[in-house]
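First up is the structure itself, then whatever we jot down about it.
The values are calculated or read from the model by the stated rules, or taken from the named source; none is laboratory data. Bear in mind that the values here come from a model prediction, so they are computed numbers and not experimental data. We place every Cβ from the backbone using ideal geometry, glycine too, and count neighbours over all the protein chains shown. We work out accessible area using only protein heavy atoms, side chains counted, and drop any ligands, DNA or RNA first. Shrake-Rupley method; radii C 1.70, N 1.55, O 1.52, S 1.80 Å.
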Amino acid sequence: MDFVADQLHDGRKIRVLTVIDTFTKECLATTVGPRLRSENVVETLTKIARDRGVPSRIFCDNGSEFAGRITDLWAYTNKVTLAFSRPGKPTDNAFIESFNGSFRDECLNLHWFNSYEDAKVKIEAWRSDYNRRRPHKALNNLSPNEYAAQQAAETSPVS
């Protein structure tokens, strides 16, 4: 997980928390707001855990939103290891950095956001399209949703 910053048409700042499943390449969340804090990170992670289960490890940088007490308590309570990248070493979490570059090029740089709600709608539409229709070489040219469905079918018990 990581943050991306941008702005609305009137110059107000916008932040987006991006959360990726590194196995399926699915974008699990794009939380949008003017200021996102640890509480927002925990709220997003709780929703993801409720929908998909709790991950064993989450890769992130050392930002205060990730390294603070609230996020640490959530991780401890849910038995999740927070794997922090080394300061100044974005390559430690290269997949999210690559994803965020694509997100910026294909969504943020192409849209003019009139409001936070407008940004949420446009970003969610991009996230949905990314998951449903974007083939990845690492996934045998399947989209993240197709690959996740394939993996679920292969690992489900046979009746």
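Could you state the accessible area per residue of the stretch 50-159 in Å², with a 1.4 Å probe and every protein chain left in place?
Accessible surface, normalised per residue, equals 66 Å².
If the only charges are +1 at each Lys and Arg Cβ and -1 at each Asp and Glu Cβ, what is the size of the charge dipole of the stretch 1-137 around the Cα centre, to the nearest 20 debye?
Using only the charged Cβ atoms, the result is roughly 260 debye.
Strictly over 25 Å apart at the Cα level, which of LYS89/LYS122; LYS25/LYS120; LYS13/LYS120; LYS47/LYS89; LYS79/LYS137; LYS47/LYS137 would you flag in this model?
Exceeds cut-off: LYS89/LYS122; LYS47/LYS89; LYS79/LYS137; LYS47/LYS137.
Run through the stretch 90-159 and list the chymotrypsin sites (Phe, Trp or Tyr not before Pro) located in a DSSP loop whose Cβ has at most 12 other Cβ atoms within 10 Å.
TRP112
On the first, second and third principal axes, largest extent first, how far apart are the outermost C-alpha atoms of the stretch 41-102 in Å?
Cα extents, longest axis first: 28, 24, 17 Å.
Once amide H atoms are built 1.01 Å from N in the peptide plane, which residues 5 or more positions from GLU26, or in another chain, come under 5 Å H to H?
For GLU26, whose amide H was placed from the backbone, the distant partners under 5 Å are ASP21.
What translational D, rounded to a whole number of µm²/s, comes out for the stretch 81-140 from Stokes-Einstein when the hydrodynamic radius is the Kirkwood one over Cα pairs, at 20 °C and 1.002 mPa s?
Stokes-Einstein gives a translational diffusion coefficient of 158 µm²/s.
Please report, to one decimal in angstroms, the Kirkwood hydrodynamic radius of the chain built from all distinct Cα-Cα pairs.
For the chain, inverting the mean 1/r across all distinct Cα pairs yields 16.6 Å.
Applying the Karplus parametrisation 6.51 cos²θ - 1.76 cosθ + 1.60 with θ = phi - 60° to the phi angles of the stretch 48-63, what ³J(HN,Hα) value in whole Hz is obtained for each residue in order, glycine and proline being reported as x?
For the stretch 48-63, the Karplus curve yields 4, 4, 5, 7, 10, x, 8, x, 7, 8, 10, 8, 7, 8, 8, x Hz.
With contacts defined as alpha carbon pairs under 8 Å and 6 or more residues apart, what's the relative contact order of the stretch 25-154 in percent?
24
For the stretch 57-117, give the magnitude of the charge dipole about the Cα centre (Cβ charges: +1 Lys/Arg, -1 Asp/Glu; no others), in debye to the nearest 20.
Its charge dipole is roughly 320 debye.
Under the Karplus relation 6.51 cos²θ - 1.76 cosθ + 1.60, θ = phi - 60°, what is the ordered set of whole-Hz ³J(HN,Hα) values for the stretch 66-78, x standing for Gly and Pro?
Calculated HN-Hα couplings, in order: 9, 9, x, 4, 5, 5, 4, 5, 4, 4, 4, 4, 9 Hz.
With the full set of protein chains in place, find how many percent of the accessible area of the chain is carbon and sulfur; take the probe as 1.4 Å.
Carbon with sulfur: 51 percent of the solvent-accessible area.
Ignoring ligands and nucleic acids, what accessible area does SER128 show with a 1.4 Å probe (Å², nearest 10)?
That residue has around 40 Å² of solvent-accessible surface.
Please list the non-local residues whose amide H lies under 5 Å from the amide H of PHE113, H modeled 1.01 Å from N, same-chain partners needing a gap of 5 or more.
HIS9
Spelling out what I want: for every residue of the stretch 15-21, take phi, set θ = phi - 60°, compute 6.51 cos²θ - 1.76 cosθ + 1.60 (Karplus), and round to whole Hz; glycine and proline get x.
Per-residue couplings from phi come out as 10, 10, 8, 10, 10, 10, 8 Hz.
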